[in-house]
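Below you'll find the structure, written out as C-alpha cells, and then a few comments.
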Amino acid sequence: MAAPLSTDEFVDRIFSRPVARLIVRCLAPTSVTANQVTGVAAVFGVGIGVALAFQHGWIAAGCILSYLAFDCADGQLARIRGGGGYLGRAMDGIGDYVTAISVHVGLALWISAQAGSWVTGWTLAALAGIAMAWSSFLLDRYKRRYRGDEDDLDALRAEAAATPGIKGWMISTLEPYAVRLEGGVRILEREVYQARVRWPLRLWLLGGPTTHFTAMAICYASDLPRVYAWIAGGPMLGLTLITLAWQIVAERRSPPVVASTR
C-alpha cells in the first residue's frame, strides 16, 4: 500500500509552513499565545480587504502573504505548546470568515470602481467568494476523511457548555460545521479508501484556499482584480465540479469504501 499523501497545498508546503516555522521559532520563547497569532492573521486578512477597497494591489498582495504565514503559525505554535483546543479552532475559523468577507467586499469595491458598475463589481466578487468558500469546504471535508480525522461532538458540546460567555459561544459554532464536514458517512477500510481517492485528493489540493489566495496575490499586484474574479468563478469553479464528480464516483464504486451514518 502506498504511503498516505500530504494534505498540504503546494504553496503551503513551499512558503506558508516554512515561513510559519520561522515565526514560531521567534515566538516560542515569548508569552505570545496561539490565539493572539490567530488575531494577527485576522488583522492581515482585514488589511487585504482595506487595501483592495483603496485599489492598492501591492499592499493587498503583501497582506495575503503575511496572512498565509500567520494563519499557519498559530496551529504550529499551539502544537509545540501541547496542542490546541476547540477554542483555538473556533477562533481560527471565525478569523477565516472575517478575512473572506473583508477580501471579497474589498474586491467588489475595486472592481466596481474599475468597471463603473456596482452590479458588475458585486456580482463578480460574489461569484469568486462562493467559488472559494465551496472549494475550501470540500477540500476540508475530503482531506479530513482521507486522514481519518473525526470530531468528538460530545466533548465539543461539553467544553462549550463548561466555557462561560463569548468563548463558549465561539466553541459551540464548531458543531454545525463539524457535522457538515462529516457528511453523514464513515470509512469502512481506511487504506482501501485512501488508495481509491488519491487522485481526486490531488485535484482538491490544486484548488484549495491557498491556491485562491496565491492567484489573488498575483492578480492584485498586477492591478487585475477582475482577472482573479473570472479565474475563481471560471476555471477554479470548474475544477471543483470535476473533482467533486470524480470523488463521488470513486467513493461509490464497488466494493463500497464508505457507509452512511444517517
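Among the listed residues 75, 148, 129, 93, which satisfies the condition of being touching a residue at least 24 places away in the same chain (Cβ under 8 Å) and on the phi > 0 side of the Ramachandran plot? First the steps, then the outcome.
Working: 75 fails: on the phi > 0 side of the Ramachandran plot; 129 fails: on the phi > 0 side of the Ramachandran plot; 93 fails: on the phi > 0 side of the Ramachandran plot.
Matching residue, one of 75, 148, 129, 93: 148.
Looking only at residues in segment 172-212 that are β-branched (Val, Ile, Thr) and modelled with pLDDT of 95 or more, which one is nearest to the chain's Cα centre (by Cα)?
Filtering segment 172-212 for residues β-branched (Val, Ile, Thr) gives 173, 179, 185, 187, 192, 197, 210-211.
Remaining after also requiring modelled with pLDDT of 95 or more: 197, 210-211.
On the way: 197: 20, 210: 7, 211: 10 Å.
Among those that are β-branched (Val, Ile, Thr) and modelled with pLDDT of 95 or more, it is 210.
Pick from 242, 231, 248, 218: which is surrounded by fewer than 17 Cβ atoms within 10 Å (Cβ to Cβ), in a helix (DSSP H, G or I), β-branched (Val, Ile, Thr) and within 19 Å of the chain's Cα centre (by Cα)? Please lay out each step first, then the result.
Numbers: 242 fails: within 19 Å of the chain's Cα centre (by Cα); 231 fails: surrounded by fewer than 17 Cβ atoms within 10 Å (Cβ to Cβ); 248 fails: within 19 Å of the chain's Cα centre (by Cα).
Among 242, 231, 248, 218, only 218 is surrounded by fewer than 17 Cβ atoms within 10 Å (Cβ to Cβ), in a helix (DSSP H, G or I), β-branched (Val, Ile, Thr) and within 19 Å of the chain's Cα centre (by Cα).
Among the listed residues 65, 5, 87, which satisfies the condition of being part of a loop (DSSP other than H, G, I, E, B), in contact (Cβ under 8 Å) with a residue 60 or more places away in the chain and surrounded by fewer than 24 Cβ atoms within 10 Å (Cβ to Cβ)?
Numbers: 65 fails: part of a loop (DSSP other than H, G, I, E, B); 87 fails: part of a loop (DSSP other than H, G, I, E, B).
The match here is 5.
Would you kindly identify the helices (runs of 4 or more DSSP H) lying entirely within segment 155-213 that contain at least 1 residues that are in contact (Cβ under 8 Å) with a residue 40 or more places away in the chain and under 15 Å from residue 6 (Cα atoms)? Let's see the steps before the verdict.
Working: elements: 165-172, 174-182, 190-196, 198-206.
Qualifying helices (runs of 4 or more DSSP H): 190-196, 198-206.
Taking the options 74, 96, 92, name whichever one is within 21 Å of residue 228 (Cβ to Cβ), among the acidic types (Asp, Glu) and part of a helix (DSSP H, G or I).
Values: 74 fails: within 21 Å of residue 228 (Cβ to Cβ); 92 fails: within 21 Å of residue 228 (Cβ to Cβ).
It is 96.
What number of residues within segment 8-40 are assigned to a helix (DSSP H, G or I), out of contact with any Cys (no Cβ under 8 Å at 6 or more places or on another chain) and either closer than 30 Å to residue 189 by Cβ or without any contact (Cβ under 8 Å) to a residue 40 or more places away in the chain (or both)?
9
For the condition under 17 Å from the mean Cα position of the chain (by Cα) and either more than 20 Å from residue 218 (Cβ to Cβ) or of a type in the set (D, E, K, R) (or both), what is the one hit in 95, 116, 82? So that I can check it myself, show each step before the final result.
Values: 116 fails: under 17 Å from the mean Cα position of the chain (by Cα); 82 fails: under 17 Å from the mean Cα position of the chain (by Cα).
Result: 95 is the single residue among 95, 116, 82 that is under 17 Å from the mean Cα position of the chain (by Cα) and either more than 20 Å from residue 218 (Cβ to Cβ) or of a type in the set (D, E, K, R) (or both).
Any idea which of 59, 14 is loosely packed, with under 15 Cβ neighbours inside 10 Å and β-branched (Val, Ile, Thr)? Step through it out loud before you land on a result.
Details: 59 fails: loosely packed, with under 15 Cβ neighbours inside 10 Å.
Only one candidate qualifies: 14.
The values are calculated or read from the model by the stated rules, or taken from the named source; none is laboratory data. Small disclaimer: the values here were computed from a predicted structure and weren't measured. Cβ atoms come from the backbone with ideal geometry, glycine included; neighbour counts cover every protein chain shown.
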